[in-house]
Structure formats: C-alpha cells, structure tokens
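Taking it in order: structure first as structure tokens, then the write-up.
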Amino acid sequence: MPKEQIEEYIEAIYDIAGKNGLAKTTEVAKRLHNAPASVTEVFGSLAESGLVRYEPYKGAALTDAGEEVALKIKRKHRLLEVFLSDILGIDPEKVHEEACRMEHSISDEVGDAMCRMLNAPARCPCGKLISPCEKEIATCNECRTADGSTDSDKSAAPRKVVPLTDLRPCQKGTIALLRGDKKVIQRLSDLGLTPGTEVVLMRKTPMGGPIELCVRRTNLAVGHEIADNIFVKAVLEA
Amino acid sequence: MSGCMGCGAGRSCNKSQKLQSSNSQFGKSQSNDGSDRKSCQDCKKNAGMVVALAGNANVGKSAVFNQLTGVDQILGNWPGKTVERAEGILQYKGRKIRVIDLPGIYSFSTYSLEELVSRDFIALEKPDIVVNVVDASALERNLFFTLQLLELEAPLILALNQVDLMEKRGIHVDVEMLAKTLGVPVVPMVAIKGKGVLELTEEIVKLAGRRSAPSQTESGIKSRLKYGKEVEERIEKLARLLDGIKIDYPRRWVAIKLLEKDEEITKLVAGMDGSLVSAASDLAKELEEMHGESSNVIISAERYHVAEEIARNAQSIGVEGVSLTDRLDAIALHPVLGYLSILAVIGGLLVWTFVIGAKISELLVEVLRPIEQLEPVVSGPLGDILWNGAFAGLVAGLTLVIPYVLPFYIILAFIEDSGYLTRISVMLDQGMHSMGLHGKAIIPLILGYGCNVPACFACRIMETPKQKLLAAFLVTMVPCTARTVVILGLVAAFVNIWWAMALYVFDILLIILLGRIAFKAVPGDSVGLIMEMPKYHVPSAKVVLKQTWARTKSLLWVVFPAYIIGSAALQAVYAAGWLNPVNDLLSPITVAWLGLPSAVGILLIFGLVRKELTILMLAVIFQTTNFAAVLSPVQLIVLALVTMIYIPCLAVILCLAKEFGWKKTAAITVFEVVFAILLGGIASRLLMPFL
C-alpha cells in the first residue's frame, strides 16, 4: 500500500477517534470518499503492519505506533500550514488543502528545517497545537544554533510528551522540553522548571487563561501560550 | 531524557561529600573593606555598616525590612534605573546600620533590570552583610537563590521567614543542619509578628564584628557549592583561566556566568580578553553536547539539584490537608464566581472610596474654608496673585486628591497584601493579551483609578520596555479621582447617574480598543505571564500602610508641586487678561466643533494642570454651581467626556517624561488631545437626538 494512502487513513482515524477512541468504518469511508468494503480491507492490512487495532463491525483504533505516525504527519501538516500562510502569504483559507497534499511528500528533515526557520511555532494558523519534534533537546534554541549536520545525531527514540496544558487538573508530569523565547526559558528554569522536574497541574482558568501549576512546593501562574510550550511526560496516576 | 536523569544520579554521590562543609564563618574574603567600597559614594559619607536584604518576591522581605528599620526610610530609585530602592537605618546598641532592601528576584540572570541591579550591588558595592530572606515553606526554590548569593561570595545570613506558616503546612526544618550545610548563620523568623527580629539584629552585629578575622580561603567557599563533576570541572578550569585578569566580580562566579552565556558578563570579559570568551563557549558547548540542553538550563538544573539535596536533608515534610488557599481559590478562580468576585471587590473599592472620600473632602473643606478663597485674585500685585493661585492649588490637592486617593490605596494595598490581586491578574490575563499585556498590568490600571502618577510608576512591574509603555499609555486613559469628580459633578449630578456610568463603561471599552491598536503599532517584545501565586494571608497593617505611603508619596513630590506651581501660573494668565483671547482662539474647536460655550476654552487649558479645575472654574466663570442652568445635558456630557480623555494632567506628563522620555510623552499627549476633541465633537452630534 502506498505511503500516502496509509498516512491518509491514519490521519482520518486520528481525527475521528482522537488519541485512543475507536473510528467507525463508515465514518472513515465517508471522510475519504471510499466504499466501506475497501476501508475494511485497508484496516486489515494496517492491523497487520501493527498501526491499528481492528475490531470487525466496530472500527479501528490507533496503536502506539499508529499514533506516532499520526502525530508526525499532523506536525508536518501544521508546519506546512504556517509556512504557506506566514512565509508564502497564501490565503489561510486555502492552506489546509495545500498542506494535505504536500504533507506526504516531505521528509522529517524538511519538516524539522521548516520548524527551525519558522522559529518553532506553537500552533497552526487555525490554532491547533503543533507537537514537538523527537530530537533529544531541552530547548528549541539548541536546534536553532546547531548547524544542520549535527541534527541527525540528535534524533533518538521517540518520546511521548504532551504540552502542560493537556494535563488534567491534579495530574503530574515531568518536564521534558521547553520551547520558546530564550528569556522565558531562563525565567522558567530559574523558577525550578528544569528538565526532569516533577510538576502538578493545579488548575486551568476559564477562557484559555493562565494555568496554575505546582513545582518545588510553589504555585505559579503561567500564561496559556507559555504553558503550551512546556512539554511534559505525563505521569499516570496509580 | 535518560541523559538528564543519569547525570542527576551521578551528581548526587559526589555532592553529598561536598555539601559537608565546615561551619567556618564566612565572607571574610573581603577583608579589605575600605578599598572595596570605593565605588559606594554614600558609604564614604556615612562610614557606617551596610546590610542588604535579598530574596525572592513574596517571602516577607519587606516585613523584615520594616521590622529592622522602623520609620527611618528613604525610598527612591537606583541611580539611572527605573528600579525602586528602599533604604533605612537600623539602630541597635548605639550602632547605626544602613539597610538596603533589594528588589524581590528569583535569580541573577539578565531576565530583568531588578536582577542586574541586585547582582551588581552585591558584587561591586560589597555590602558588609547580605541577609537572604527565605520562605521556609518553599525551601528548595529559595535555596536556588541562596546558592547564587554564595556564588557571589556575599557575607550571608539566612533569615528563615514565615516559620509559622511552614509549621502549619506540616514542614519541619532542622535549622542547625541547614546552617551547617550552608556554612552561614540561620535565623528562624516570623517577621510579620516581629519574631526573630532581635536575633537577626544580633546576628548581624555579631557577624559584622567577625569580619575583621583572617579571610577565608577560596577553597572554603567552593567546598560548599560544588556541582556535578562535568560542570564543576569546567567551572574550575575556566576560573583558573580567569586568574590572570582583573575583574571586580568573584572569579568562580564569572566562570559560571560565562558558561551560562550571560550577556553582560560575556561582554565585559570579551573587552578584556577575547580568548577567554571563546574558551568558555567551547566548554559550554561540550556540556551542551553531553546533556543535550543549553548550558544555562544545565547550570540552573545543577543548582536546583544542589538546592534539592540541601532541602531534603534539612527538612521533613508531613501530610498537608486541603488548605484555606485551595478553598478560596475554588471561588476566586471559578469561571463564574471568580469574575463576580472581581466585580464585587473592584466595584466595592471604588464605591467605598467615593463615599468615604466625599466625607473626608467635606470635612477638610470645612476646616480650610476660613482661609480658602475660591474667587481668584485677579488684580493687585503679582506676588499676591501668584500666592493666591499657589495656595488654591495646595488646597485643591488637600481636599480633592488626598481624601480619595488615600482610602483607595489603603484598601487596594490590603487586597494586594492578602494575595487576592494576583488572582485578579490571573483571571484577567487572557483579556489583557489582546492589548499586548498580561495579567500583571491590571495592577497599574487599577491604581490609575486613584491617581495616574503612582500608576505610571507601577508600570515598572511589566517585563519589557514595550509592555511598560503600553501599560502607561493605557493608565493615562483611566479616570483618576480628579476626573471622577468632574464626571460625577457634571454628569451624575445634573444629567443622571446612568450617563455617568455609561461614560465609565465607554472609557473601559476605549482602553481595550486603543490598547489593541497600540499593541499592533508599537514595536518591541511582549512576554507572557509567569507569576508566583502566593498563599492567601491576613494582611499586615504595617505592610499595608507602607505600600500606601510608597504610592501616595509620589503625590507629594510630583502632583503637589505641579498643582501649586501650575495653579500660580494659571492665576497669572487669568490676571493678565488673556482669558478672552484664549477663548476666542479656541472657539473654532470649543464652539463650532464641540458645541460648548466659548468660556470653556480656558477651562480646558486649566484642566491641563488639574483636571478637577475644569469644574471649579466653571462655577467661577458662570457664577453658579447649578450647571444645568448654563449647560445642556449634551454639553455636560461632552465636557465630561473631553475632560476624561483629553490630556494626561501636568503631573502625569512629568511622570511619563521621567519614565519614557519626552518624545514618547509628547506623542501620547498630542494623541490624547486630538482624539478627545474628535470624540467630543462626534459625541455632541450623536447625543443630540437622545437628550
């Protein structure tokens, strides 16, 4: 099966079912303008390659490997959207369509280079979060200052990180990556948000307001945009 | 990730030995007091001892300062910097000790001016003793800063403050253990209640007495503060390279800062020896490759690791129940109740102010009536005229500003000290973003309802120059008490209260709108909100009064002089018979465009000095206080609207110029004049059909 088709399916399942839900065969078929029978067939082969769990007559859910593919493609898609609208000045209405076509043909390297050029944007033009790359770095600054050649050295095992804003109230996480302005990163690490530190999301405030977090026995209020750029490994409650 | 955890584990073993420091007393490295303090002009004059208070924000540092110094306080700015500086005198057993309160900061990076001012003061002016005030319940984060003070080789005393709150949170700190580990005296305190103040004072005097003892070797200081092997090796290597150059900062500290790529220090060293900077950047790069993080983050993490270790050894933490703060925040940060409580608190504050203010004002007017002359002296010797004007200015300040501003700021300081103001900042943060500001800006904006002058100074709490300027610009649009007097006196009294309220609401909308435009138009950076959320506590009367005074004092040295001198000058203009020529000159604007009587022209000039003069002079010119008889409702509203917006008053202009320079001040002033006139004309045409 061509890579593009696999990615389209994975993306569709991700969009419909979210990270861990089930996408119904009919819904996927409707979205991709395909017959349910052929969707079922594709689900079967995706299940074989370990990207989805297929439950006959119910639908398909992404496996961890599938989710990784989905996040990667979403990252490229949203980076492309930012690139098309901010750099090339293309009408934001049209960038989605364009990005849908382009996302399958660019390599990870191109995606990361775009990320660097665009100064590691946090969100796509329509406001969806761009997940961070998988490089072993603690701040985007390093990536920016490093020359291209060292980039490949830094790719490592994928890690599952989420923005701090994705934690539920009272959920714990450990700091994995800080993204953003140099001074902001300095201030955050001065306040104790250093890599590996445990934080607890205390509270989210209404209307996308600041979040309250607890780190090293101190409560901090951090603006939503800044918190979007603090990535943590979520700690699951026992 | 695995890399980070690994190096953390590797570190703890070599650290545990290193933290076993001797209790040798300390800070003796600067035995050559006299020569070291050359740069400190004041010290020379005063030859006394200098103690600096340093610490994070919200640890009760100002409470310690107040306890030590009592009423003898001088408040001002750091030379050439828009950072506040408080100084006081501690008298103890016949000794006079100068106490300098440094700004509340979390680190010695270059994040803010406050951090630069503080580190330069400690490193270059070398105070005899630095008292590091720490919050006993957040030991780890506070020790992060303590470690940096030790890096700066400051002669340190640790004031372990708020031990009562600490115990309530189920934490116990082994004071002796902490003192032993850090190698500095530790004094437990509850500064707000005066507990531990005597002990701290004695410790200060004792340590100062020991300062003539032989100087401690550098290794003595180092032994307390060693980092993980990889980092430590590079610091030491770099520090050795620095041996050759002459620099006022401690060498080890400079080495650390170079590794952190601190801009100021790198620039300083580059000016002396470029090869050192490249050596530092090579070493920093090695670290970055090893840890996969940028060097400043690595060093912060290292420092926190040491702090963590010290805190873990010195404290035991019990179980903490649901605190009062949690329960209150469930309301204060609730999507509905939160906004309702903001409305209630701020609304209540304003209403209280104007009810109480009106009473005090009335009382003062009664007292001053026998000596006050409302009717300006317009003939006779120039001296009399000027004196009369100046006196009228003083009386106006006393009866119109103080009675409203003082109660307003007392209650505001109360709300602030309780911790509630930070919750308001959090709740309104998102709204402020559209104006390029963040939640903290609500503090100067609310202050502006009292008087714009302290509010402009309060814009210093914003981080970037752009945000400071934007906040100050919006502050000048906030109707202060003087403008509220005009709105109430013209519109609420003679049209109705609803139109007065409408003006207030319109003003808020205008601030939001102009804020958005200015955010787009003004170049520069904006940073988001990062703010500590202190626990709620019962405000201390001393802190509240102190804060109120800090804000009101600018009234005395900016507003009162502007009132007095400005009023005298106006009186002269009045007496010189320029009244009608000025009115005629302005009549195309006042009469043709705004639809007001031509006599209003001079009022707007007078309002430049004192906004509430418009209403006083109106009474004088028309010989009546029943303004409804001389002005139509539309005219009353238009006059109030124009007065509300048209210019920051003279005192505010001076204050803006001081903070931002004349060019920006002129831009704001001209814009507001033109804008107010434009708006007034449109309003007079639009309102006609309704009233």
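Of the conditions (1) in a helix (DSSP H, G or I); (2) buried (at least 20 other Cβ atoms within 10 Å of the Cβ), A:Gly209 satisfies every one except a single condition; which number is it?
(1)
Go through region B:514-544 and give me each residue that's of a type outside the set (Val, Ile, Thr), open to solvent by less than 30 Å² (accessible area, probe 1.4 Å) and within 14 Å of chain A (Cβ to nearest Cβ).
Selection gives B:Gly528, B:Leu529, B:Met531, B:Glu532, B:Met533, B:Pro534.
Restrict the check to region B:398-416 and report whether at least one residue is touching a helix residue (DSSP H, G or I) at 6+ places or on another chain (Cβ under 6 Å) and either more than 16 Å from B:Thr353 (Cα to Cα) or not in a helix (DSSP H, G or I) (or both).
no
Output the residues belonging to region B:417-435 that are part of a loop (DSSP other than H, G, I, E, B) and surrounded by 23 or more Cβ atoms within 10 Å (Cβ to Cβ).
The one that is part of a loop (DSSP other than H, G, I, E, B) and surrounded by 23 or more Cβ atoms within 10 Å (Cβ to Cβ): B:Met435.
Among the helices (runs of 4 or more DSSP H) contained in region B:583-691, which hold 3 or more residues that are closer than 27 Å to B:Ala502 by Cβ?
Filter on region B:583-691 gives B:600-609, B:613-622, B:633-645, B:662-687.
One line per residue, one yes/no per condition, for (1) within 9 Å of chain B (Cβ to nearest Cβ); (2) open to solvent by 20 Å² or more (accessible area, probe 1.4 Å); (3) modelled with pLDDT under 90:
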position	(1), (2), (3)
A:Arg144	no, yes, yes
A:Ser152	no, yes, yes
A:Lys160	no, yes, yes
A:Cys170	no, yes, yes
A:Leu188	yes, no, no
A:Gly196	yes, yes, yes
A:Leu213	no, no, no
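Residue under question is A:Ile175, and the condition is that it be within 10 Å of another protein chain (Cβ to nearest Cβ), part of a helix (DSSP H, G or I), in contact (Cβ under 8 Å) with a residue 12 or more places away in the chain and buried (at least 22 other Cβ atoms within 10 Å of the Cβ); does it hold?
Taking the combined requirement at face value, the residue does not satisfy it.
Starting from residues that are more than 9 Å from chain A (Cβ to nearest Cβ), in contact (Cβ under 8 Å) with a residue 40 or more places away in the chain and under 30 Å from B:Val175 (Cβ atoms), keep the ones in region B:320-330 and report whichever is least open to solvent (accessible area, probe 1.4 Å).
Selected residue: B:Ser323.
Confirm whether B:Asn132 is in a strand (DSSP E or B), surrounded by 21 or more Cβ atoms within 10 Å (Cβ to Cβ) and not assigned by TED's automatic domain parsing to the domain that holds B:Glu532.
So B:Asn132 fits the description; yes.
Could you please let me know if B:Leu412 is out of contact with any Pro (no Cβ under 7 Å at 6 or more places or on another chain), surrounded by fewer than 23 Cβ atoms within 10 Å (Cβ to Cβ) and among the hydrophobic types (A, V, I, L, M, F, W, C)?
no
Look at B:Ile511 and say whether it is assigned to a helix (DSSP H, G or I), under 25 Å from the mean Cα position of the chain (by Cα) and crowded, with 18+ Cβ neighbours inside 10 Å.
For B:Ile511, the condition - assigned to a helix (DSSP H, G or I), under 25 Å from the mean Cα position of the chain (by Cα) and crowded, with 18+ Cβ neighbours inside 10 Å - is met.
Tell me which residues, restricted to region B:149-189, are open to solvent by less than 10 Å² (accessible area, probe 1.4 Å) and closer than 27 Å to B:Gln91 by Cβ.
Result: B:Leu149, B:Ala154, B:Pro155, B:Leu156, B:Ile157, B:Leu158, B:Ala159, B:Leu160, B:Asn161, B:Val184, B:Val187, B:Met189.
Please note which helices (runs of 4 or more DSSP H) are completely contained in region B:207-319 and include at least 3 residues that are at pLDDT below 85 and within 14 Å of another protein chain (Cβ to nearest Cβ).
Those helices (runs of 4 or more DSSP H) span B:274-291.
Tell me which residues, restricted to region B:654-676, are closer than 24 Å to B:Trp593 by Cβ and open to solvent by less than 40 Å² (accessible area, probe 1.4 Å).
B:Ile668, B:Thr669, B:Glu672, B:Phe675, B:Ala676
If you go through region B:320-330 one residue at a time, do you hit one that is touching a Phe, Trp or Tyr at 6+ places or on another chain (Cβ under 7 Å) and aliphatic (A, V, I, L, M)?
Checked region B:320-330: at least one residue is touching a Phe, Trp or Tyr at 6+ places or on another chain (Cβ under 7 Å) and aliphatic (A, V, I, L, M).
Inside region A:91-110, can you point out the residues that are part of a loop (DSSP other than H, G, I, E, B) and open to solvent by 60 Å² or more (accessible area, probe 1.4 Å)?
A:Asp91, A:Ser105
The values are calculated or read from the model by the stated rules, or taken from the named source; none is laboratory data. These numbers come from a predicted model, not from an experiment. Glycine gets a Cβ as well: all are built from the backbone with ideal geometry, and neighbour counts include every protein chain shown. Areas reflect the complete protein model, heavy atoms only, side chains present, ligands, DNA and RNA absent. Shrake-Rupley method; radii C 1.70, N 1.55, O 1.52, S 1.80 Å.
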